[in-house]
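A.B. asks: My questions will all concern the structure given below.
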């Protein structure tokens, strides 16, 4: 249910009795109380269906989608693996201009060939399989701005972020290093960890 927050300003009337030259003259007087009501601008953003505006920090699980490879087990990664994860943003209950920033980091420091290099912005009319406009990521950061114009409402949109275990001739890890990562993962149940810090800020 949409929460309506209102600010109530009450102006109290002042009455003053006037007399002119003689007590036989008088003026009509009246009193009134007026209310001025103004609704606060809405500021509620959902990320993957989680309301992140109700707390200063939120932790949200992002589910990766790994490209099928007949030589690699499903939902696992190995050299040459590719995939993506979606950040679904719902600003339908926002009516101010705002900007967003997504800062990305691979937490597995021993995997320099695990790279995040591109992303796509997907609107609410997208049908899976349609061609997407792919953008490169600069400095592991994605930034954008939504301007409010009083004529339309915001719609949900998705930031799709692509990653891959780079395995070309100019990669940083050789076959031995790749093998060591796989062996360690098998022994220690190591998980690939990608962190996405998402920040929203009203534009004033």
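A short reminder: the numbers here are calculations on the coordinates, not readings from a lab. This structure is a prediction, so every number in the text was calculated from the model and none was measured. So basically every Cβ, Gly included, is an ideal-geometry build from the backbone, and we count neighbours across all protein chains shown.
So that you can scan it fast, the table gives a plain yes or no per residue for (1) part of a strand (DSSP E or B); (2) out of contact with any strand residue (DSSP E or B) (no Cβ under 6 Å at 6 or more places or on another chain); (3) in contact (Cβ under 8 Å) with a residue 60 or more places away in the chain; (4) over 22 Å from residue 202 (Cβ atoms):
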{"residue": "70", "(1), (2), (3), (4)": "no, yes, no, yes"}
{"residue": "73", "(1), (2), (3), (4)": "no, yes, no, yes"}
{"residue": "85", "(1), (2), (3), (4)": "yes, no, yes, yes"}
{"residue": "108", "(1), (2), (3), (4)": "no, yes, yes, yes"}
{"residue": "143", "(1), (2), (3), (4)": "yes, no, no, no"}
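A.B. asks: Restricting region 65-81 to residues that are under 12 Å from residue 165 (Cα atoms) and loosely packed, with under 15 Cβ neighbours inside 10 Å, which is farthest from the chain's Cα centre (by Cα)?
C.D. replies: Top of the filtered list is 76.
A.B. asks: Identify the residue in region 110-129 that is touching a residue at least 40 places away in the same chain (Cβ under 8 Å) and in a loop (DSSP other than H, G, I, E, B) and, among all such residues, is surrounded by the most Cβ atoms within 10 Å (Cβ to Cβ).
C.D. replies: 111
A.B. asks: Out of the residues in region 130-141 that are in a loop (DSSP other than H, G, I, E, B) and touching a strand residue (DSSP E or B) at 6+ places or on another chain (Cβ under 8 Å), which is surrounded by the most Cβ atoms within 10 Å (Cβ to Cβ)?
C.D. replies: For region 130-141, the residue satisfying everything is 137.
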